[in-house]
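> Here it is, the structure in full.
The values are calculated or read from the model by the stated rules, or taken from the named source; none is laboratory data. What you see is a predicted model; the values in this text were computed from it and never measured. All Cβ positions, even for glycine, are placed from backbone atoms using ideal geometry, and neighbour counts span all protein chains on display. Heavy atoms of the whole protein, side chains included, go into the accessibility calculation; ligands, DNA and RNA do not. Shrake-Rupley method; radii C 1.70, N 1.55, O 1.52, S 1.80 Å.
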Amino acid sequence: MALFQRADCEGFHRRDFLQIGSAGMLGLSLPAILATEAKAAKDAPAEKKGAKAKSVILVWLAGGPATIDMWDNKPDAPEGIRGEFKSIDTKADGIQFAETLPKMAEVADKVTVVRSLYHTIPSHGPATVFMTTGNKPTAALQYPAMGSVAAKMLTTPTGIPPFVTFTDLRNGSAGGAGYLGTSFNPFSVEGNAGGKGKGDPKEPGGAAFRLRGITLPDGITLDELTKRDELLKSFDDQFRNIDKNNELVEGLDTFHKQALEILRSDKVKKAFTLSAESAATRARYGTNAIGPAALAARRLVEAGVRFVTLGLGGWDTHQKTFDAHKTRLMPSLDETLSALIADLDSKGLLDSTIVMCAGEFGRTPKINKNNGRDHWARSMACVLAGGGLKRGYVHGSTDASGMAPAADAVTPDDIGATIFGQLGIPHTTEMQTPTGRPVQLFREGKVIEKIIA
């Protein structure tokens, strides 16, 4: 199993794929992860009425991408700002991207580019929290990731986890369930991209993906697991006699039933079987760091998963930013993101799936002495597609130098409010902390009506 880890300039570590330790007595960790699932599930509403979208795929660009060199080029700006990349026309009238995004240019008629996104936090950890939760970070409360909110508020088919992540966003308090509790943390993928580990060597572009907690250890069959489960139940009965107020013990039967249910279901296993896809499809997604994960993400939402996060790190380009973009970052992103959007559309899934591509902040318009760009949260761009959002549309703009929004400025909480509005969950929805404190889903966010089709 391969493990990819990168530290950004502030020392935070991000893992593109998680290495998971050994399982517990049953040979799985799902029961522990779902320790309060039964209690929380009764509060989760049924399918949302009027929802235009069912699922979300977040493509996370960890480190802060220089969107001024991607989606919001400034070819007429002074030399120290405009950068090295020329602009190219796209399939959407009047929209141009950097020349390093030729494949995304071909699907520009399927996306909305938000060029007027901004906030005021130029530090990796807190900015990641803001972008992935839609709430400004505060020491008083840990807000849940958007995926955790989806896991709580939306139903999923039997045997399907609601929130799956291929990348570790736990930068500070980002990426987790926050005040919602551990039941709504993401199910983390362990595995290897590109088919270079324990995956099938005959599967080009494949991957040996496994979902933490619902993969049997080597040598353990479902029959053996059932026997172990029966043994553990006998211990549970003894624990109940000792402490009838222990909610964890009282709920163990329910959690183990859920664990066995998911284990016995082949839906997740099928989603990770990328060899079921044609060679042409696998090749289109690419064998780069996120290609197989993106294809698996499409298959997961097809199976009913509500929120999937995958990531491409390395965007913290204080030095040689243009070299990094040309040789390492943009080729992978361009290949995989365009394939994901086009594939979802061809299968009729884009209308019900929102794709969001963003990082924690942008980079300075001014190029530094090391031919790089530094942290800059006051102007950035993100790409949205699907889920009832406009196609071939640009929302807002930045000034001539890309320093700040010039029209229709929006913030991360506005993005969150819009996405959840499309999922049928009003941004004014109130949830509760474990102490009973009511908390509005997005405190300050407002739906961006102009980007809704």
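> Could you list, in sequence order, all residues of the stretch 59-93 that are in contact with a Gly (Cβ under 9 Å, 6 or more places away or on another chain), assigned to a loop (DSSP other than H, G, I, E, B) and in contact (Cβ under 8 Å) with a residue 40 or more places away in the chain?
61, 62, 63, 64, 65, 66, 72, 74, 77, 91, 92, 93
> Can you tell me which residue among 138, 67 is modelled with pLDDT of 95 or more, of a type in the set (Val, Ile, Thr) and over 21 Å from residue 388 (Cα atoms)? Working first, answer last.
Details: 138 fails: modelled with pLDDT of 95 or more.
Answer to the check: 67.
> Something else: Any residue at all in the stretch 274-291 that is of a type in the set (A, V, I, L, M, F, W, C), more than 19 Å from residue 107 (Cβ to Cβ) and within 17 Å of the chain's Cα centre (by Cα)?
For the stretch 274-291, residues of a type in the set (A, V, I, L, M, F, W, C), more than 19 Å from residue 107 (Cβ to Cβ) and within 17 Å of the chain's Cα centre (by Cα): present.
> Can I ask one more? Take the stretch 398-453 and flag every residue that is assigned to a loop (DSSP other than H, G, I, E, B) and under 30 Å from residue 77 (Cα atoms).
Filtering the stretch 398-453 down to residues assigned to a loop (DSSP other than H, G, I, E, B) leaves 399-404, 408-409, 411, 423-429, 433-437, 441-448, 453.
Hits for the stretch 398-453 are 399, 400, 401, 402, 403, 404, 408, 409, 411, 448.
> Would you be able to say whether some residue in the stretch 377-384 is farther than 24 Å from residue 109 by Cα and within 22 Å of the chain's Cα centre (by Cα)?
Step one: list which residues in the stretch 377-384 are farther than 24 Å from residue 109 by Cα, which gives 377-378.
So of that shortlist, the ones also within 22 Å of the chain's Cα centre (by Cα) come out as 377.
Yes, the conditions are met somewhere in the stretch 377-384.
> Take the residues of the stretch 132-142 that are on the phi < 0 side of the Ramachandran plot and open to solvent by less than 10 Å² (accessible area, probe 1.4 Å): which is nearest to the chain's Cα centre (by Cα)? Even if it seems obvious, please write down each step before you answer.
Within the stretch 132-142, the first condition is being on the phi < 0 side of the Ramachandran plot, and the residues that meet it are 132-133, 135-142.
Then keep just the ones that are open to solvent by less than 10 Å² (accessible area, probe 1.4 Å); that gives 132-133, 135.
On the way: 132: 8, 133: 11, 135: 16 Å.
Across the stretch 132-142, the extreme among qualifying residues is 132.
> To continue, here is another question. Could you tell me which of the residues 287, 309, 321 is open to solvent by 10 Å² or more (accessible area, probe 1.4 Å) and either at pLDDT 95 or above or touching a helix residue (DSSP H, G or I) at 6+ places or on another chain (Cβ under 9 Å) (or both)? Even if it seems obvious, please write down each step before you answer.
Working: 309 fails: open to solvent by 10 Å² or more (accessible area, probe 1.4 Å); 321 fails: open to solvent by 10 Å² or more (accessible area, probe 1.4 Å).
Of the residues listed, the single one that is open to solvent by 10 Å² or more (accessible area, probe 1.4 Å) and either at pLDDT 95 or above or touching a helix residue (DSSP H, G or I) at 6+ places or on another chain (Cβ under 9 Å) (or both) is 287.
> Within the group 114, 129, which residue is assigned to a strand (DSSP E or B), aliphatic (A, V, I, L, M) and surrounded by 24 or more Cβ atoms within 10 Å (Cβ to Cβ)?
One residue alone meets the criteria, 114.
> Just to be sure before I move on: is residue 268 at pLDDT below 95, of a type in the set (Val, Ile, Thr) and closer than 20 Å to residue 154 by Cα in the structure I sent? Even if it seems obvious, please write down each step before you answer.
Details: at pLDDT below 95: yes; of a type in the set (Val, Ile, Thr): yes; closer than 20 Å to residue 154 by Cα: yes.
Against the criterion (at pLDDT below 95, of a type in the set (Val, Ile, Thr) and closer than 20 Å to residue 154 by Cα), residue 268 qualifies.
> Residue 411 passes all but one of (1) of a type in the set (Val, Ile, Thr); (2) surrounded by 24 or more Cβ atoms within 10 Å (Cβ to Cβ); (3) within 22 Å of residue 311 (Cα to Cα); which number fails?
(2)
> Take residue 386 and tell me if it is surrounded by fewer than 24 Cβ atoms within 10 Å (Cβ to Cβ) and of a type outside the set (Ser, Thr, Tyr).
Here the answer is no, as residue 386 does not meet what is asked.
> What pairs can you find where one residue is in the stretch 321-350 and under 14 Å from residue 295 (Cα atoms) and outside any helix (DSSP H, G or I), the other is modelled with pLDDT of 95 or more and of a type in the set (A, V, I, L, M, F, W, C), and their Cβ atoms are less than 9 Å apart, with a gap of 6+ or different chains?
349/301
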